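As structure tokens, the structure follows; a few thoughts come after it.
The values are calculated or read from the model by the stated rules, or taken from the named source; none is laboratory data. Please read these numbers as outputs of a predicted model, since none were measured by experiment. Here the Cβ positions follow ideal geometry from the backbone for every residue, glycine too, while neighbour counts run over all protein chains shown.
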Ligand code: SF4
């Protein structure tokens, strides 16, 4: 029997586990990255490898040790190193003596035949068309709901009266969603999660607003960015991330399949400054920074894995972009050496700077955003 594992990124393991189990496989759920994961990654990855490569490699080692015999990964295109990720990781792991099959799911727009062939390898039970529709409907709803409760945590955290309450509610919501068995459970849970967030006592306060842009893995996996969203929220900042997995899936799987430009708005906005594709999400970092600036955000934080080429290019363009759009920005470079206390100090200084600037501008009511999301 296939014992399947995959990279750990945010809460995505919850719908992936459901999906792969429903396809007739056993799942070895990947561990949330810890110091051990990173130490495996740094030990066996080439020195030049970027941080997400090391974390994912460490995760694979832990999954193989836990009994996985199949690893599933998304592919990558473009001139950065993402396209080589899985080939290199497979080679390193096989040289270490692990026996497994690596299944790479490439973007459908360019490799549809390969993608279908590889998905077939993961279907190891007899399923009817109705089963496929039910599985797809359930996992998509789960994914969307997980993103929704995370967004709500970003909106309520800076307003909470009791410190840490939004984080507790968020964890409870994730647990509820993970425990759902049927589609109907998810609609009931959606209502319940809204009630949980409604019940949090909130201050009448207009927080500083910061948009977070950057490379996908460090954006979406809190252990890799040292829980930056939580730190900022507890400093009283409303945080909005430029990328969530449900939106990313639509942009990069559904739209790619029909050869439509994914993340169209961000790329269009970036075009006057950054026209060429350079892999990763460098162009989107520029485009999303402009979108945040136009929406009245006070500041931008760019999350960049150390040595990430697309984000280095974006970083060199951001000073001009942010100056022209009247918004401050801060780049955080992340690797295994980055410490949480140092990060907190930098964030506090950045928030102080934005507060000083805010005194001259008209605040935007975040309460209305919370109400809109709840509606
Ligand atoms: S986008 Fe950056 S972090 Fe990701 S593979 Fe490319 S260079 Fe590495």
Exercise for review: Tell me, please, whether a residue that is more than 22 Å from the chain's Cα centre (by Cα), within 29 Å of residue 285 (Cβ to Cβ) and modelled with pLDDT of 95 or more can be found in the stretch 132-150.
Suggested key: no
**Study point:** Scan of the stretch 186-206 for residues that are farther than 21 Å from residue 159 by Cα and touching a helix residue (DSSP H, G or I) at 6+ places or on another chain (Cβ under 7 Å), ordered by number
**Key:** 186, 189, 190
Point to revise | Single residue of the stretch 253-270 satisfying the filter (closer than 30 Å to residue 48 by Cα and assigned to a loop (DSSP other than H, G, I, E, B)) that is modelled with the lowest pLDDT | key: 262
Check your understanding: Before we move on, is residue 192 assigned to a helix (DSSP H, G or I) and away from the ligand (no atom under 16 Å from the Cβ)?
Key -> yes
Review point. Looking only at helices (runs of 4 or more DSSP H) that fall completely inside the stretch 1-82, which ones have 1 or more residues that are under 15 Å from residue 93 (Cβ atoms) and out of contact with any strand residue (DSSP E or B) (no Cβ under 7 Å at 6 or more places or on another chain)?
Key: 35-44, 51-65
Review point. Filtering the stretch 140-165 down to residues that are assigned to a helix (DSSP H, G or I) and touching a strand residue (DSSP E or B) at 6+ places or on another chain (Cβ under 9 Å), which residue is farthest from residue 250 (Cα to Cα)?
Key: 159
Study note, to complete from the structure: Reported set for the stretch 109-131 where residues are exposed (fewer than 13 other Cβ atoms within 10 Å of the Cβ), modelled with pLDDT of 95 or more and in a helix (DSSP H, G or I) is 129, 130
Study note, to complete from the structure: Restricting attention to the stretch 71-92, the residues that are closer than 13 Å to residue 7 by Cβ and more than 13 Å from the ligand (Cβ to nearest atom) number exactly 2
Check your understanding: Which helices (runs of 4 or more DSSP H) sit wholly inside the stretch 271-374 and have at least 2 residues that are at pLDDT 90 or above, surrounded by 13 or more Cβ atoms within 10 Å (Cβ to Cβ) and away from the ligand (no atom under 16 Å from the Cβ)?
Key -> 282-294, 309-324, 340-358
Review point. What is the number of the single condition among (1) free of Cβ contacts under 8 Å to residues at least 60 places away in the same chain; (2) under 22 Å from the mean Cα position of the chain (by Cα); (3) within 17 Å of residue 202 (Cα to Cα) that residue 165 does not meet?
Key: (2)
Point to revise | Qualifying positions in the stretch 302-338 - in contact (Cβ under 8 Å) with a residue 40 or more places away in the chain and more than 25 Å from residue 273 (Cα to Cα) | key: 335, 336, 338
